[in-house]
Amino acid sequence: KGSLAVSELAAKLHRESAEIIKKLFLQGVMATKNQELDKDAIELICAEYDVEVEEEVDVDVTDLDNYKIEDKEDDLQERPAVVTIMGHVDHGKTTLLDSIRDTKVTEGEAGGITQHIGAYQIEENGKKITFLDTPGHAAFTSMRSRGAQVTDIAILVVAADDGVMPQTVEAINHAKAAEVPIIIAVNKIDLEGANPDRVMQELTEHGLIPEDWGGDTIFVQLSAKKREGIDDLLEMILLVTEVEELKANPNRPAEGTVIEAQLDKGRGPVATLLVQNGTMHVGDSIVVGHSYGRVRAMVNDLGRRVKTAAPSTPVEITGLNSVPNAGDQFMVFKDEKQARQVGEAKQQRQVEENRSSGARVSLDDLFNQI
Ligand code: GDP
Ligand code: MG
């Protein structure tokens, strides 16, 4: 026999836990919010609400996929690409990220301070591009292990004096597994020993063949340090973005992925979120991984307070009741009550999973039996 906590049942029925507890009490059952109910008790309560147990209880309330809103084709609009920079250690990833930001974000915009929030956005030829500022491998591994796909385009940095190295190959494999287009940035061409042709040659062995040689892989030669070739790279990113036809619906509640999160002494849980669809607003009721709350304040990558965040925008938020994990999905709920119910159920689920990890029967098994 399966079971379900009071709070989970409440969420499924779109009711407050307190209401369910009261109903149970009137039936002579003393229960707390976290108490597991057996099938009979669940049926008893469901009957009160004229709900068939089979069809209602089948839904996993903690799975945000069950709340996803499908967009109509007509509602979709162009959105900026989200770009991850990958490559072997010391090939120039950090230098490239810094160069792009420094050349494109003017002092005035930033008010002198650029803030590290794990991602930033620039504008090139009137189009925005979002860069993930977290180490490429970490972004791919930790996020993909959670089923999150945040990257639209991978930039593979290869130092022209060093060539293809183990982590270069690893990065290629990550990008291929994620099925994202790869742009090759042959870096450090300012160096004496730079040999871009050798890099191209070596990459053909991994199926990355330059357009000049009859393939379809875009190669850009640059010097991240001397800031040469940055514009070429950005142009290529915009080209690939156009081909990919990246779209989102800005006129709906936001959803997306956690880029990074931590506990701040003064502000409490702080999370950088990448809005992947919809628009987020200050005051939104939000479920983030096993955490939830209302968006108290939003700060953009320039350290500025903002009231809204459109698709592909990274934004740092406060107002959550605990610290989520990088790679966690988030979703805004129009209905504050529902957000709280789903949040509570997810938190509860997390507690259960922690408690029962190592146990033979997983909660998934239990849920499937109901
Ligand atoms: P990461 O490990 O991939 O993040 O590499 P870094 O950005 O930290 O760069 C490693 C070293 O290479 C640093 O000393 C950089 O100054 C240097 N470097 C990066 N890009 C270039 C470049 O275009 N030309 C030259 N000469 N050195 C570079
Ligand atoms: Mg680095």
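The values are calculated or read from the model by the stated rules, or taken from the named source; none is laboratory data. The shown structure was predicted, so the numbers you read here are calculated from the model rather than taken from an experiment. Positions of Cβ are backbone-derived with ideal geometry, glycine not excepted, and every protein chain shown enters the neighbour counts. Side chains are part of the model used for accessible areas, which takes the heavy atoms of the whole protein and leaves out ligands, DNA and RNA. Shrake-Rupley method; radii C 1.70, N 1.55, O 1.52, S 1.80 Å.
Please go through the range 81-106 and give me each residue that is among the polar types (S, T, N, Q), within 16 Å of ligand 1 (Cβ to nearest atom) and either open to solvent by 70 Å² or more (accessible area, probe 1.4 Å) or part of a helix (DSSP H, G or I) (or both), ordered by number.
Those that are among the polar types (S, T, N, Q), within 16 Å of ligand 1 (Cβ to nearest atom) and either open to solvent by 70 Å² or more (accessible area, probe 1.4 Å) or part of a helix (DSSP H, G or I) (or both): T94, T95, S99, T103.
Which of the residues spanning the range 300-320 are modelled with pLDDT of 95 or more and either β-branched (V, I, T) or assigned to a loop (DSSP other than H, G, I, E, B) (or both)?
V306, K307, T308, A310, P311, S312, T313, V315, I317, T318
Pairs only if they're at least six apart or on different chains, beta carbon under 6 angstrom, first in the range 65-80 and part of a helix (DSSP H, G or I), second surrounded by 15 or more Cβ atoms within 10 Å (Cβ to Cβ); list them, first residue then second.
From the range 65-80, the pairs are D75/N249.
Taking G193, is it touching a residue at least 24 places away in the same chain (Cβ under 8 Å) and surrounded by 14 or more Cβ atoms within 10 Å (Cβ to Cβ)?
It is false that G193 is touching a residue at least 24 places away in the same chain (Cβ under 8 Å) and surrounded by 14 or more Cβ atoms within 10 Å (Cβ to Cβ).
Pairs needed: first member in the range 329-342, open to solvent by 80 Å² or more (accessible area, probe 1.4 Å); second member anywhere, modelled with pLDDT of 95 or more; C-beta distance under 6 Å; at least 6 residues apart or different chains.
From residues that are open to solvent by 80 Å² or more (accessible area, probe 1.4 Å), the pairs are K334/P253; E336/S285.
Residues in the range 91-102: is at least one of a type in the set (A, V, I, L, M), within 16 Å of ligand 2 (Cβ to nearest atom), at pLDDT 90 or above and under 21 Å from the mean Cα position of the chain (by Cα)?
Scanning the range 91-102, I find at least one residue that is of a type in the set (A, V, I, L, M), within 16 Å of ligand 2 (Cβ to nearest atom), at pLDDT 90 or above and under 21 Å from the mean Cα position of the chain (by Cα), so the answer is yes.
Among the residues of the range 192-222 satisfying the criterion of being within 21 Å of E170 (Cβ to Cβ) and acidic (D, E), which is nearest to ligand 2 (Cβ to nearest atom)?
Across the range 192-222, the extreme among qualifying residues is E202.
Residue-wise test of (1) more than 21 Å from the chain's Cα centre (by Cα); (2) modelled with pLDDT of 95 or more; (3) closer than 22 Å to L273 by Cβ.
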| site | (1), (2), (3) |
| --- | --- |
| E56 | yes, no, no |
| Y67 | no, no, yes |
| D74 | yes, yes, no |
| R79 | no, yes, yes |
| Q115 | no, no, yes |
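For the range 24-38, check the following and say yes or no: at least one residue is among the charged types (D, E, K, R) and part of a helix (DSSP H, G or I).
Checked the range 24-38: no residue is among the charged types (D, E, K, R) and part of a helix (DSSP H, G or I).
Have a look at K176, K128 and point out the one that is at pLDDT 90 or above, buried (at least 16 other Cβ atoms within 10 Å of the Cβ) and more than 13 Å from ligand 1 (Cβ to nearest atom).
Of the residues listed, the single one that is at pLDDT 90 or above, buried (at least 16 other Cβ atoms within 10 Å of the Cβ) and more than 13 Å from ligand 1 (Cβ to nearest atom) is K128.
Please enumerate the residues belonging to the range 212-229 that are closer than 13 Å to G92 by Cα and crowded, with 20+ Cβ neighbours inside 10 Å.
Result: L222, S223, A224.
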